[in-house]
1. Taking H placed 1.01 Å from N in the peptide plane, check which residues at least 5 places from Gln479 or on another chain put their amide H under 5 Å from its amide H.
2. In square angstrom, rounded to the nearest 10, how much accessible surface does Met35 have for a 1.4 Å probe?
3. Just to be sure I understand the model, the point goes 7 Å from the Cα along the line to the Cβ. What's the resulting Asp236 to Thr21 distance in nm?
4. Probe radius 1.4 Å, ligands and nucleic acids left out: which of Ser29, Ser557 has the largest accessible area, and how do the rest follow?
5. Ordering His593, His145 by how much accessible area each has at a 1.4 Å probe, largest first, what is the list?
6. Starting from the amide H of Val56, placed 1.01 Å from N in the peptide plane, find each other amide H under 5 Å away whose residue is 5 or more places distant or on another chain.
7. Give me the 1.4 Å probe accessible area per residue for the chain, excluding ligands and nucleic acids, in Å².
8. Based on the alpha-carbon gyration tensor of the range 619-723 and its eigenvalue square roots a ≥ b ≥ c, which shape applies: rounded if a/c is under 1.5, prolate if not and a/b is larger than b/c, or oblate?
Amino acid sequence: MSKFKSDKVMPRYFAIAVVLTLVGFAVVSKAMFIMTAKKDYWTQVADRLKRDSVSVKPTRGNILSCDGQLMASSLPEYKVYMDFQAGANDSIGNHKRDSLWAVKIDSICYELNQIFPSKSAAEFKDHLLEGKKKVQKNGSIGARHWAIWPRRIDYNTFCEVKKLPIFREPVYKGGFHYEQFNSRRRPFGSLAQRTIGDMFGAKDSAKYGLELSFDSLLRGTNGLMHRRKVLNKYMDIPVLNPIDGYDIVTTIDVSMQDLAERAVVEELKEINGEMGVAILMEVKTGDVKAIVNMQRGADGEYREMVNNAISYRCEPGSVFKVASFLVALDDGVIPRDTNFVIHTGSGVMEMHGRPMKDHNWRRGGYQDINVARALEVSSNIGVSYVIDKFYGSNPTKYVQGLYRVGIHEDLKLPLVGYHPPYIRMPDTKTTDRAKYWSKTTLPWMSIGYETQIAPINTVAFYNAIANNGKMMQPRFVKQLLKDGQVVKEFEPVVLKEQIAKPQTIKMMQTILEHVVSQGLGRKAGSKSFKVAGKTGTAQVADQYGSYHSGTTRYWLSFAGFFPADDPRYTCIVCLKKSGLPASGGGMSGVVFHHISEGVMAQNLKRSVEDARDTSKIIMPTVKGGDMIAANYVLDNLGVKTSHNWNGSYSEGNPVWGKATTHPHEVVLAPVNTQKSVVPDVIGMGARDAVYLLENRGVKAKIRGRGKVKSQSIYSGTAVKQGMVCELVLE
């Protein structure tokens, strides 16, 4: 075995260590060189190759009416910007951008002023030059993300901006770029606004209504896209496609909603009211066909501000008396033949130290009346006396009865802001004044005070009476759609199978019909069909919480259903106003009348033949334009025509002219349409008029709708290049 030669090994290790040390110094030196002397070069290289993950927003689902009309939809909106450091050449490569800006900036600013008239061309020029000269943190000149217009613009405006010089170049050459947003729009404006909902904020967050309640379904799921920048060109590589939101079909009927809103606003203006609520519900399903929430703003105009129909809890007044008597009738404490006589006297009766008054106490009161008549004339004494007499010793039984008949039911609505009713149980030990149960609580509760109930709960209760005792949950959404296909049905929900015995319900239906036919609810009735319902007039506390500070405010109601003999719809109308006169039947009842009449008129099914007057021959009014097409239509309608040309509609060769209507025929006469002169388009429709003008090189601008009333260039004028003819339609 040879001896280990340590004297030769150590020099080798030393040589390797020296080499590695030198290599290390070289690497560090090169890194320092790149970080300092070559920093700008490698920064530019990094800018030429970028990769980012970009979230792709889905399209928010639509909200539709019950018959498929759009009530809320997402439309594209844009914010437009300019990158003043984008590529130097245009798409042809003939002009430097600086020189192109110098030549084109005045014309660009002029066109921007035409698109956005609120800002002058000079202001646009100053604004663009400011962005062009802006110094960046890295020392470069020109803003990279300079807003051309401070607000979002719609698609049509965006297309106009994009056509301008430089702006129409590709983004990496011209510098024009944009951000796209899905803006929420309601085609019917403020119709049912508080129920449909709205969006707000930069992130388009749902604010209230169905937009908020069904936000997770409407919003959809974001997608993912890799955006890679290579040599100043962007490449978008889809990774995960976005999933668009569901469409929801509501129960709202646009025509009924419009009818109800107009009826409420007209009455509010008539009585100088502060607030108005109306809810129209389908009896069998609980579908809410219309829901109105009008409130007077600071400018005196009425608009939807808060969904008071579901959130405004107050003392309902006399419409609550129906619940009180329904409990008493169902418990059997008063005979079901309603002949139990009540001694109301002269209209004033002391109830545990406080006077209970009927509305006609100054006229001597109602004297002796039975149970049915007490509701017909809305006698406070009649109702409170019965309830206090039979439940005074056990008020808990009465309140339990109210819970049983559904007036206290939590409807579990899908709308944010709903407040369930508050009807307290007897409690004489609490120190809370609002909850303390005194001797006077029961009689005043029986006529609609000492409780807090929103209109939606009252209408659901009356709907149960109309539905033979079955209480339905108010339904706002019927279906979920995806790509036009139904993916989920929201079936009607029964909250209570029977709120009272069938015979009790039948008796109450009859009493409510008599309230309208021979009681205080006459103005809510109709000559065409039977109406049943109950009036309500209550004093409400003002904003300071007192009934007696300042002017008295009244909550006026009418709740009922129609047609009474076969109920299809239940409706409640509530109006809030200050001072007298104040009448639930005479004011809210009138609105109910207009709504019920309008709804029933919409449901009439008539044949077209019923509208034809066989004793008269009606000659149609025909617009000017293509006379062969007009002749074809008139022939098929059986209308006699007179003309002096040959040709047929199927050959597709138009004969331009005008039509004159006579008692027994329509005369179709051609007009001169030489290519070299401006044609006479007065009397024509917009499509034919624009075609004739622009076919001759004359640009047409339209103002108004209908047929052409006047043209800015007289017919027969020789056509010249660049001519613009303005057409006024009516």
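The values are calculated or read from the model by the stated rules, or taken from the named source; none is laboratory data. Quick caveat, the model's predicted, so the values are computed rather than measured. Cβ atoms come from the backbone with ideal geometry, glycine included; neighbour counts cover every protein chain shown. Only protein heavy atoms, including side chains, enter the accessible area calculation; ligands, DNA and RNA are left aside. Shrake-Rupley method; radii C 1.70, N 1.55, O 1.52, S 1.80 Å.
1. Under 5 Å from the amide H of Gln479: Val249, Phe490.
2. Here the residue's solvent-accessible area equals roughly 130 Å².
3. Label-label distance for Asp236 and Thr21, simple model: 5.8 nm.
4. Ser29, Ser557
5. Accessible-area ranking of His593, His145, largest first: His145, His593.
6. Correct list: Gly223, Leu224, Met225.
7. 52 Å²
8. Here the range 619-723 falls in the prolate category.
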